[in-house]
Structure formats: structure tokens, C-alpha cells
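One structure is given here, and the rest of the page talks about it.
The values are calculated or read from the model by the stated rules, or taken from the named source; none is laboratory data. Fair warning: this is a prediction, and the values are worked out from it, not measured in the lab. All Cβ positions, even for glycine, are placed from backbone atoms using ideal geometry, and neighbour counts span all protein chains on display. When the accessible area is computed, the model is the full protein with side chains, heavy atoms only, and any ligands, DNA or RNA have been set aside. Shrake-Rupley method; radii C 1.70, N 1.55, O 1.52, S 1.80 Å.
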Amino acid sequence: MSLLRTAARQRCRFPTIKTVACFSQSRIVKTQQPLYEGHIPLNWFEKALMAVGSSYMSLANPRRGDMVAAIGDLTAGPVLPRLRDTMLESKEGRTILKERPRISTRTVDMAKLALLPEGTMGRAYINWLERCGVTPDTREPVHYVNDPELAYVMQRYRECHDLYHCLFNLPVNVESELALKFFEFANLGLPMAGFAAAFGHLRLSSERRERLFREYVPWAMKCGTSAKSLITVYWEKRWEQDVEKIKEEFGVWDPPAARWGKPLNEAQLAAQKRQQAEAAPPSTSQP
């Protein structure tokens, strides 16, 4: 039974990650056992099929995070060993590879970050999350990278993506996302970032596309190529550090001002209210 027939039986327009997982367990696992939790071994044909299909689906519907993540896994190829080597050349990067930290609400004390002074990386991150209305818990796990350490490098990039948004004060919209993808392609060299940069702008209006290439792309390419690799940053050990000091250390600078839908003062107020609510003693009912 082919992968496409399996997908058809599950009434999918194109194979989902779960479909591929079931197919892999029935056939591929006979020749290669999963190397880490969530790993889905695929042969070259299935990788090619998945890459083409996930590329189509992500272009048709960029909100399909599973398909976008699949492209990243399947196209990272020789880039991940280079990123790993870059991390190994840095003391901070070596510590990351040794300790393998994860970024989520289960591993990061968000309430503690909300108590940090304005201007610190931790407080800036909380403000950014509140302002954008997002959570770090939505990142797809890595499935298709056939090496546990390289899979972690890919996962680390994926979980740090929002911190790049925060560092450069970029909101979550198509224009800002593309600007960051251009930066990531220049700084990290990930093919997925280049793919998104090459085709994502087609979804913009002519006015926004012109602004993207006039203002953001020159910043992204110049800043990304001249800066130190951000894959080596151990963010969890820098929450209390000043954001501007981090930028200075890694040789990055702000892009042109982005268009935000929610003012910063509203995000700061929301963070303060949440901080007060979490600090308040639990109420006790009267007998």
C-alpha cells in the first residue's frame, strides 16, 4: 500500500505527520528503528514525497505548522552539522549541546521573568509574548532528522525563533516573519528560511512587498551575515542581561520599525496584572 493510499484512507488532502508515522511504523521501522522520541524514519522516496507535499501545503496554508516544520526537518540536510560545529566552537554552544535545555512554559518560570526589570531579556520576552498573544508551547517537535544530536539542534532553533522576534522587536505578521526569515537564512543558512523568504512575499500586497525589499531585506542580509551565529546563545542564562548588551555582544542591530497591532504599554500592563494575580495569596472560603 502506498503512502498516498494510506493518506486517502484517512481522508487527508495530503499525508499528515500522523499518517507518515503510521506508514513508517508498518514498513520503514523494519529497517530502521526510531532514534529518539518522535523520530519517524523515512526512505529517500518518502522524504522527497513529503518535502514536495509539505512545501505545497505550507504555501497554500502557512498556518499549517506541522507542514512548515516538516519542510525544515527534510531540507536541513548538511546545514545542521555545520550549525552543530558552530556550537561546538563556542563555550556557550557546547554547554547547550551538553545540557540540551528546552524552552516552554514547563521549563521556563514565566512568573519569575515577569518580575525582572524592564530592559532585561527575560522581561522583554514576557512583554513580547503578551503583546503578540502567543506561547512558546506551540513549536512542533522534530520528526525527520536522522541523528539525535542534530535533531536537538533543529529543535533548539525552532524554540529560539520567538526569541529572535523579541530581540529585534518584530511582531507576528507576514511582513515581520519574512524579514526574520531573511535574517535567519543569512545568519544560520537554513534552507527552510530561504524557502519562506523566496516565496512568502507573494502573499503580501505590492506596497508591503516593496517595503520588505526596500527596508527589511537589506537590514536582514547585512545584519545576518555580519553577526555572530545566534544558535550559540544560551538564552536561559541571559534572562537578566540587558537586551542592548546582548545585541552589542553578538553584533546585531534593530531593523526598521515594525507595525504593531498592540501597543507595548498594553502588554506591560497585562504582564503586571498577571504578575500581581500570581503573587496574590489564594482566597479562602468562609465556613
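Annotations for the structure displayed:
- The C-beta contact set for the range 153-180 (first residue under 26 Å from LEU202 (Cβ atoms) and free of Cβ contacts under 8 Å to residues at least 24 places away in the same chain, second residue assigned to a helix (DSSP H, G or I) and open to solvent by 10 Å² or more (accessible area, probe 1.4 Å), distance under 8 angstrom, 6+ apart or interchain) comprises GLU177/ALA196; GLU177/GLY200.
- Boolean, PRO78 is over 22 Å from ILE246 (Cβ atoms) and over 18 Å from the mean Cα position of the chain (by Cα): yes
- Given (1) farther than 24 Å from TRP260 by Cα; (2) at pLDDT below 95, index of the condition GLU149 fails: (2)
- All positions within the range 132-151 that are more than 16 Å from GLY77 (Cβ to Cβ) and out of contact with any Phe, Trp or Tyr (no Cβ under 7 Å at 6 or more places or on another chain): CYS132, GLY133, VAL134, THR135, PRO136, ASP137, THR138, ARG139, GLU140, PRO141
- Residue within the range 205-216 that is under 15 Å from PHE168 (Cα atoms), in contact (Cβ under 8 Å) with a residue 12 or more places away in the chain and not acidic (Asp, Glu) present: yes
- All positions within the range 204-246 that are under 17 Å from GLY93 (Cα atoms) and not β-branched (Val, Ile, Thr): ALA227, LYS228, SER229, LEU230, TYR234, TRP235, GLU236, LYS237, ARG238, TRP239
- Odd one out for THR19, checked against (1) among the β-branched types (Val, Ile, Thr); (2) at pLDDT 80 or above; (3) surrounded by fewer than 20 Cβ atoms within 10 Å (Cβ to Cβ): (2)
- Number of residues in the range 168-201 that are part of a helix (DSSP H, G or I), farther than 22 Å from LEU80 by Cβ and among the aliphatic types (A, V, I, L, M) equals 3.
- Answer residue from the range 49-69, given it is over 14 Å from the mean Cα position of the chain (by Cα) and among the aliphatic types (A, V, I, L, M) and is modelled with the highest pLDDT among those: LEU49
- The range 200-235 - residue that is in contact with an Asp or Glu (Cβ under 8 Å, 6 or more places away or on another chain) and farther than 24 Å from CYS160 by Cβ and, of those, modelled with the highest pLDDT: ARG211
- Qualifying residue in the range 92-109 (condition: buried (at least 21 other Cβ atoms within 10 Å of the Cβ), in contact (Cβ under 8 Å) with a residue 12 or more places away in the chain and of a type in the set (S, T, N, Q)): no
- Among residues of the range 241-257 that are open to solvent by 50 Å² or more (accessible area, probe 1.4 Å), those with a Cβ under 7 angstrom from a residue that is in a loop (DSSP other than H, G, I, E, B) and at pLDDT 95 or above, sequence gap 6+ or separate chain, pair up as ASP242/GLY119; ASP254/PHE168; ASP254/ASN169.
- For THR225, the stated conditions do not hold, so it cannot be described as buried (at least 18 other Cβ atoms within 10 Å of the Cβ) and of a type in the set (Val, Ile, Thr).
- When LYS228 is tested against (1) in a helix (DSSP H, G or I); (2) without any contact (Cβ under 8 Å) to a residue 60 or more places away in the chain, exactly one condition is not met: (1).
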